[in-house]
Amino acid sequence: MKTRIALIFLTFISVNVGAQTTKTENVFIITLDGYRWQELYTGADPALVKNEKYVSDPENLTDLFWKDDPEKRREVLMPFFWSTIATEGQLYGNRAYNNKVNCTNTMWFSYPGYNEILTGFSDDERIKSNAKINNPNTTVLEFVNKQPALKEKVAVFGSWDVFPFIINEKRSGVPVNAGFESAEGTGLSAREVFLNELQREIPGPWDEVRLDAFTHHYAWEYVKRKEPRLVYIGYGETDDFAHDGNYSAYLKSAHRTDQFIEQLWNWVQSNDHYKNKTTFIITTDHGRGTDPLDTWRSHGNEVRGSGEIWFAVIGPDTTGKGEIKKEGQYFQNQIAATVATFLKVKYTNEKKVGKQIDEVMDR
Ligand SMILES: [Zn+2]
């Protein structure tokens, strides 16, 4: 009898140890297009912040974002990252500590980067332009949307009008509101109706990318109404202001996006459906150049350093280690499996996907 009880007990233990348990029930993937690790980790760039070639308001910009100490400088640029995420979450990709995150695709521009983040593999054979071609690959968003328990609990919001193609909205069935699309469907909130009006009335600076405030508020309103379990929000301004050579607008946009993420996080943590059950994974599609100086505006395989990226994670399964200051090598292709593991979904694809990042989850 004693033996039998012991055996039952042992069986029980082994089942529990083997189970992939996470407290996370919801994941928000958030990207800042082409936002450099250099600004994330050291704040405003000393070679650019007062440079009148790229900054029309150097006095104002230095008042806003300059401090001599790089750690203080990054705090004034992205206060939410360097208060809440730096204490409750984890940040990877500060190359000063040999902590590296890289794209495995060799293109180093947007569609290949988003394909890699969202599918878990690079596809340099087929994904080699930003053309509006429906992605032949299945993303983790589509995969999760096919799980019975998570069906129709996935949604995407993006500033760039290529997202419906990257996600393959038609085939995947994942709703995508991107570019200059309005909120659609029944039961729109008063704010969504107003956003639709404003979006028609406010001219944006670019043809293919809307201003991020629209993307942010469309996403937030939808989340309030529909309580999706997996959300992807792709902010876009940082890349376009950089291509424009407008360093002032690039920094101000990064600062605003930090505030957007803070708003979402604070709301999530005050909402019964999401509180202490939601993980944010924040990253970027590609880096940008640094040398020669003008390559900060650009990226792509001819721009050295533009395959260097970063990521940050905050949520109930992530120990608050803050900035990771030890040597390590991580890849863009690990995000998709990490997202799936948080949601307790075993993710597979036609091609081999990058391994989940075990360090960001206590299981
Ligand atoms: Zn770009």
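List of remarks:
- Mean residue ellipticity (222 nm) of the chain, computed from DSSP H runs ≥ 4 via -39,500 (n - 2.57), nearest 500: -10000 deg cm²/dmol
- Stokes-Einstein diffusion for segment 189-274, with the hydrodynamic radius set to the Kirkwood value over Cα pairs and evaluated at 20 °C in a medium of 1.002 mPa s, equals 151 µm²/s.
- Exposure proxy shown here: for 182, 270, the number of other Cβ atoms within 10 Å sets the order, fewest to most, as 270, 182.
- Within the chain, percent of DSSP bridges classed antiparallel, to nearest 5: 30 percent
- Gain in span if fully extended, residue 350 to residue 171, counting 0.36 nm per residue against the direct Cα distance: 62.8 nm
- Those residues of segment 321-363 whose amide nitrogen sits under 15 Å from the label point placed on residue 269, 7 Å along Cα→Cβ: 321-322
- Restricting segment 125-172 to GluC sites (Glu not before Pro) in coil, as DSSP defines it, with at most 13 other Cβ within 10 Å: 125, 152
- Burial ordering of 310, 265, fewest other beta-carbon atoms within 10 Å first: 265, 310
- Calculated over segment 264-363: convex hull of Cα atoms, volume per residue (Å³): 149 Å³
- Cut-off 11 Å between beta-carbons: net charge of the residues surrounding residue 26, Lys and Arg +1, Asp and Glu -1: +3
- Length gained on full extension, residue 102 to residue 23, computed as 0.36 nm times the residue gap minus the Cα-Cα distance: 25.6 nm.
- Calculated log₁₀ intensity ratio I(q)/I(0) where the Debye formula runs over C-alpha points of the chain, q = 0.07, 0.15 Å⁻¹: -0.30, -1.38
- Calculated from the alpha-carbon coordinates, segment 240-296 shows an Rg and a Dmax of 15.8, 50 Å respectively.
- Candidates per GluC sites (Glu not before Pro) in segment 256-337, loop by DSSP, up to 16 other Cβ within 10 Å: 302, 327
- Exposure proxy for 247, 97: other Cβ atoms within 10 Å of each Cβ, ordered fewest to most, give 97, 247.
- Computed from the C-beta positions of residue 87 and residue 152 and an R0 of 30 Å, the FRET efficiency is 0.30 to the nearest 0.05.
- Cα Rg, Dmax, segment 79-229, angstrom units: 17.2, 50
- Neighbourhood charge, 10 Å Cβ-Cβ cut-off, centred on residue 319 and excluding it, Lys, Arg +1 and Asp, Glu -1: -3
- Approximate spin-label separation residue 56-residue 293, in nm, with each point projected 7 Å along Cα-to-Cβ: 2.0 nm
- Model label points for residue 202 and residue 276, set 7 angstrom from Cα along the Cα-to-Cβ axis, are 3.6 nm apart.
- Cross-link table 23/325; 100/325; 23/346; 23/275, entries beyond 19 Å C-alpha to C-alpha: 23/325
- Sorted largest first, the spans of the alpha carbon positions of segment 83-143 along the three principal axes are 40, 25, 16 Å.
We did not get these values from a lab; they are worked out from the coordinates using the rules stated. Everything numeric here is computed off the predicted structure, so don't read it as measured data. For neighbour counting, all protein chains shown are included, and Cβ atoms are generated from backbone atoms with ideal geometry for every residue, glycine included.
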